[in-house]
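A short reminder: the numbers here are calculations on the coordinates, not readings from a lab. None of these values were measured; they are calculated from a predicted model. Note: ideal-geometry Cβ built from the backbone for every residue, glycine included; neighbour counts use all protein chains shown.
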Amino acid sequence: MYHLPKLAVGLALVATAFAAHADIKVGVVLSATGPAASLGIPEKNVFALLPTTIGGEKVEYIILDDATDTTTAVKNIRKLTSEDKVDVVIGSTVTPSSLAMTDVAAETGTPLISMAASAVIVQPAEGNKRWAFKTPQNDAQMASAIVEHMKAGGVKTVGFIGFADAYGEGWYNEFVKAAEAAGIKTVSNERYNRTDTSVTGQVLKIMSGKPDAVLVGAAGTPAALPQRTLKERGYAGKYYQTHGVANNDFLRVGGKDVEGTFLPAGPVLVADQLPDSNPVKKSALEYVQKYEAAHGKGVSTFGGHAWDAGKLIQAAIPVALKKGKPGTPEFRAALRDALEANKDVAGAHGIFTLSPTDHVGLDNRSRVMVTIENGTWKLVK
């Protein structure tokens, strides 16, 4: 009669011990299919390059595709946290999905590192967003680079067309603030969906305002549509895009229509063109060389965001292991704290120094202006 309780206690102790010594599990949610696939595929490629042992513990990466769909992204993070019991989640690729995932991350006490750009994913870094981090440069930081370039080039008026979601909204708000401060007037605010096939009506409205330049607040290959339509309609002003287009798929889809476009990007996009004095050149080239050795020529800045998420957890995990064991709430909480305390972590896009109020940790060393010339990216000096 007394054997069963003792056996049950024994099994419980074994189960506890097993959980406390489980491998570190990293959940990954990205958009390998759908409208953001040109961003998500290079991100996915990076996880094969990340270390499988950190701080003496084995690391398992569990990768799920959200198909660029917010509902699927939330379903994926719920599975990762409830069934797979992951210690940290990296994802997703786009802003709307990442934003929705922050609630689940906070609810389950799991650190989340987004690979999407908008500042609203991590700001303010309190409440649910205490658990949210991200690796891409903030839209505000990149918007100010565009405004500086516009002002130097004599641009006085700008037309805006962007995605009809949180990415487009974030870019419009941040750009207008920076532009107004610089004396540049935004004369239109047009929107379209990532899956739209025509923006003729929006483009005609933009052209009626006769702006000196147009900024497309979009990402991936769908960002080529407004620019192609503007070209077809004969718009002859300057074209600007966001860092959301900084991959070769955009060049392939945009072709001649995107020649001469200006955009801010992480230094990694033009790593081999950077002067040796650039503080990011060495760590950017490390990523480029490893990615191209595994996947061939044509490195993507979006893969760089996944690489940088890997760098952040590589720096934080050894610190967190001193306070808890993988598979426990104590370890996840310690990992959150360690991510927030990361300093001078050299990544593909910049040097990361985070704090309780800054869950990105990048400064202006993480941005350069580039242009598209002869179908390639060229550093603007």
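In summary, the lysines within cross-link reach of Lys151, defined as a Cα separation below 25 angstrom excluding same-chain residues under 8 places away, comprise Lys177, Lys185, Lys205, Lys210, Lys231, Lys238, Lys378, Lys381.
Between helix 301-320 and the chain there is an angle of about 30 degrees, using the helix long axis and the longest principal axis of the Cα atoms. Taking 18 Å as the straight-line reach from the Cα of Lys156, the aspartates and glutamates in range (excluding those fewer than 8 positions away in the same chain) are Glu148, Glu174, Glu180, Asp212.
With K and R counted +1 and D and E -1, the other residues having a Cβ less than 11 Å from that of Arg228 yield a net charge of +1.
When peptides 95-101, 375-381 are sorted by average Cβ neighbour count within 10 Å, with the highest value leading, the order is 95-101, 375-381.
Here the spin labels are modelled as points 7 Å beyond Cα on the Cα-Cβ line, and at Thr376 and Lys282 they lie 2.6 nm apart.
Partner lysines whose Cα lies under 19 Å from the Cα of Lys25, excluding those fewer than 8 positions away in the same chain, are identified as Lys44, Lys58, Lys75, Lys79, Lys85, Lys134, Lys311, Lys322, Lys323, Lys325. Close amide H partners of Asp363, meaning residues 5 or more places away or on another chain with modelled amide H under 5 Å apart, are Ile351. Judged by the mean number of other Cβ atoms found within 10 Å, the most tightly packed of the peptides 314-320, 185-191, 242-248 leads the ranking 242-248, 314-320, 185-191. For the range 327-381 versus the range 65-87, the spacing of their alpha-carbon centroids is 24 Å. Put a dot 7 Å past the Cα of Lys256, heading toward its Cβ, do the same for Glu60, and the two dots end up 5.4 nm apart.
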